[in-house]
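Notes to accompany the following structure.
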Amino acid sequence: MKDFQFYNPVKVVFGRKSFEKLGGLIPTGHTVVLIYGGGSVRRTGVLDRVQSALGDHPVVEFGGILPNPAYEKLMECVALVRSTPSPFLLAVGGGSVIDGTKFIAAAAPYGPGDPWEILSVRGKIREALPLGSVLTIPATGSEMNNGAVITRRQTREKLVFQNDQVFPRFAVMDPTVTFTLPADQTANGIVDAWVHVLEQYLTYDVETPLQDRQAQAVLSTLLETGPRVLAAPEDYDARASVMWSATAALNRVLSCGVVTDWATHLIGHEISALTDLAHGRTLACVLGPLLRHQVASKEGKLAGYGAAVFGHGFEDPREAALAAIDATEAFFHSLGVSTRLGDYLSDQTLLDEIPQRFTARRTTLGERGDITPDDVAGILADAW
Ligand code: NZQ
Ligand code: ZN
């Protein structure tokens with residue numbers, strides 16, 4: 001097992017009555033800046049429930065943060081926050097809103113440079129505003145981690161930052177709010193959580209049997225409950241398990257002491273940067289081709305994954321590894337998610353543009369850093 005540090009200060013308030021606790025989670029004396037997405041929370045009544053739960057806290061609202069949250073839009077909120085006395089940021093939404101709120105929290109006090117530096121050159125975050133989250137879609141784990149992924153539309157970049165100062169103070173998680181999710185968003189979230197687990201698990205063995213079994217437990221739970229929530233969107237217990245599984249997939253417990261990968265995510269981010277395709281779908285398309293490309297170095301873990309999660313019993317390790325990849329894609333298909341980029345996109349210029357971007361940045365990917373831009377070109381061609 002590798003050395004590791006683990007820190008996670010997020011208070012999770014989970015369940016049907018979690019909204020009732022919201023007002024008490026925010027210290028008095030703050031103005032709540034209530035930040036939300038494209039309007040689903042208004043349609044579903046979540047915004048009304050949040051507002052009444054906030055009681056006497058003064059509130060200002062900022063809506064309109066769309067999926068793959070845009071730096072340009074977030075900077076409008078930074079201006080609002082800078083003119084708000086003692087702001088406490090409350091993200092009500094999914095990964096896009098929570099990530100956007102993390103950026104706003106770090107960007108508002110940032111200076112003297114442009115806050116984009118936080119993403120482009122790892123500009124130092126000296127302080128961040130306090131934030132909390134009310135989660136409406138299980139997928140990213142952002143509600144319980146310190147990372148955010150922000151897109152700059154003008155330059156078509158999608159970049160990540162991580163900082164302990166942007167951990168949410170709390171995550172309010174009521175599975176009933178996920179009853180209103182459209183099937184495609186539900187499925188995208190399950191795929192995202194699945195790939196988060198795989199990118200912390202399917203690398204090479206450094207003798208981490210606990211972490212391997214924790215990863216398998218999250219996957220087995222998603223395999224069982226994912227189809228249930230699609231068949232019965234108001235199945236509370238299945239929704240609760242999907243929600244908690246997605247959080248468990250990226251609250252960094254699974255990263256402890258293991259070797260991680262993240263190549264599928266980094267290629268996926270480039271696809272979203274260029275096309276605005278939903279995050280989960282980019283992953284669904286890239287994962288299989290990437291794993292087939294890496295099958296020699298991931299064979300042992302892939303075979304163990306197939307046996308533990310899909311119940312496979314192949315003798316030959318290569319056959320076992322390839323069958324595990326096929327079963328993964330079959331699971332995504334069963335959720336209604338295509339694994340072909342060509343089913344979502346028509347412009348093939350990204351097949352050249354993404355490898356060129358990695359070349360320009362001198363980026364190689366994967367747990368061994370051996371996935372070159374040429375390899376990425378092959379993976380993307382297979383994903384089309
Ligand atoms: O915008 P609204 O109108 O609210 O609608 C949203 C959005 O269209 C809708 N939705 C959310 N909750 C709903 C609902 N519709 C009905 N009922 C509800 N209860 O769902 C759509 C997708 O929302 P979004 O927040 O974009 O989804 P997700 O949580 O998948 O977030 C994706 C973003 O997170 C980043 C991704 O790159 C992407 O930008 N990620 C963040 C990570 C992190 N911070 O750790 C890690 C991930 O790997 C990922 O990169
Ligand atoms: Zn993801």
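Taken together, the values in this text are just the output of simple stated rules run on the coordinates, not laboratory data. Computed from a predicted model, the values in this text were never measured in an experiment. Here Cβ is always computed from backbone atoms with ideal geometry, including for glycine, and neighbour counts include all displayed protein chains.
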Legend entry - Prolate/oblate/rounded call for the stretch 81-135, Cα gyration tensor, a/c under 1.5 rounded: oblate
Inset, instruction - Let me know the number of lysine pairs in the chain closer than 19 Å at the Cα, not counting same-chain pairs under 8 apart. - result: 9
Inset, instruction - First check a/c for the stretch 11-177, with a ≥ b ≥ c the square roots of the eigenvalues of its C-alpha gyration tensor; if it is under 1.5, answer rounded, and if not, answer prolate when a/b is larger than b/c or oblate otherwise. - result: prolate
Inset, instruction - Using 0.36 nm per residue of separation minus the Cα-Cα distance, give me the extension gain between ASP347 and HIS333 in nm, one decimal. - result: 2.7 nm
Legend entry - C-alpha center-to-center spacing [the stretch 239-258, the stretch 72-88] in angstrom: 31
Inset, instruction - Name the long-range amide H neighbours of THR31: under 5 Å, sequence gap of 5 or more, or other chain; modelled H, no Pro or chain starts. - result: PHE88
Inset, instruction - May I ask for the angle, rounded to the nearest 10°, between helix 236-249 and the longest principal axis of the chain, with both axes built from Cα atoms and the value confined to 0 to 90°? - result: 80
Legend entry - Pairs of alpha carbons in the stretch 175-278 whose separation is greater than 22 Å (percent): 36
Legend entry - By average C-beta atoms within 10 angstrom, highest first, the peptides 351-363, 316-328: 316-328, 351-363
Legend entry - Charge sum, other residues only, whose C-beta stays under 14 Å from GLY113's C-beta, Lys/Arg counted +1 and Asp/Glu -1: +1
Legend entry - Proxy reagent accessibility, fewest Cβ within 10 Å first, across TRP116, TRP384, TRP194: TRP384, TRP116, TRP194
Inset, instruction - Rounded to the nearest 0.05, what FRET efficiency do VAL59 and GLU127 give with R0 = 22 Å and r taken as the Cβ-Cβ distance? Could you check? - result: 0.45
Inset, instruction - Write out the GluC sites (Glu not before Pro) in the stretch 112-162 meeting two conditions: DSSP loop, and at most 10 other Cβ atoms within 10 Å of their Cβ. - result: GLU127
Legend entry - Residues SER220 and ASP184, FRET efficiency given R0 of 22 Å [Cβ-Cβ distance, rounded to 0.05]: 0.40
Legend entry - Convex hull per residue volume in Å³, alpha carbons only, for the stretch 236-384: 130
Legend entry - Dipole of the chain, positive end: most advanced residue of THR155, ALA217, PRO58 [Cβ charges, Cα centre]: PRO58
Inset, instruction - Rounding to the nearest 20 debye, state how big the charge dipole of the stretch 11-177 is about its Cα centre with +1 on each Lys and Arg Cβ and -1 on each Asp and Glu Cβ. - result: 220
Legend entry - Rounded to the nearest 20 debye, dipole of the chain from Cβ charges on Lys, Arg, Asp, Glu: 1140
Legend entry - Counting DSSP beta bridges with both ends in the chain, the antiparallel % (nearest 5): 25
Legend entry - Peptides 266-274, 282-290 ordered by average Cβ neighbours within 10 Å, highest first: 282-290, 266-274
Legend entry - Folded to 0 to 90 degrees: helix 295-310 orientation relative to the chain principal axis, Cα: 70
Legend entry - Likely footprinting exposure, TYR36, TYR236, fewest C-beta neighbours within 10 Å first: TYR236, TYR36
Inset, instruction - Any chance you could check the Cα centroid distance between the stretch 316-384 and the stretch 155-199 for me, in angstrom? - result: 21
Inset, instruction - Determine the dipole magnitude for the stretch 183-383: charges of +1 sit on the beta-carbon of Lys and Arg, -1 on that of Asp and Glu, nothing else is charged, the reference point is the Cα centre, and the result goes in debye to the nearest 20. - result: 360
Inset, instruction - Compute the acute angle (0 to 90°) between the alpha-carbon long axis of helix 209-231 and the principal axis of greatest extent of the alpha-carbon atoms of the chain; round to the nearest 10°. - result: 70
Inset, instruction - Count charges around ILE26 for me, please; just the other residues with Cβ under 12 Å from its Cβ, Lys/Arg as +1, Asp/Glu as -1. - result: +2
Inset, instruction - Can you give me the P(r) profile for the chain? Cα pairs, bins 10 angstrom wide beginning at 0, each as a whole percent. - result: 5, 24, 34, 26, 10, 2, 0
Inset, instruction - Starting with the fewest neighbours, write out TYR110, TYR204 ranked by other beta-carbon atoms found within 10 Å of each beta-carbon. - result: TYR204, TYR110
Legend entry - Rg and Dmax of the stretch 35-102, Cα atoms only, in Å: 11.7, 33
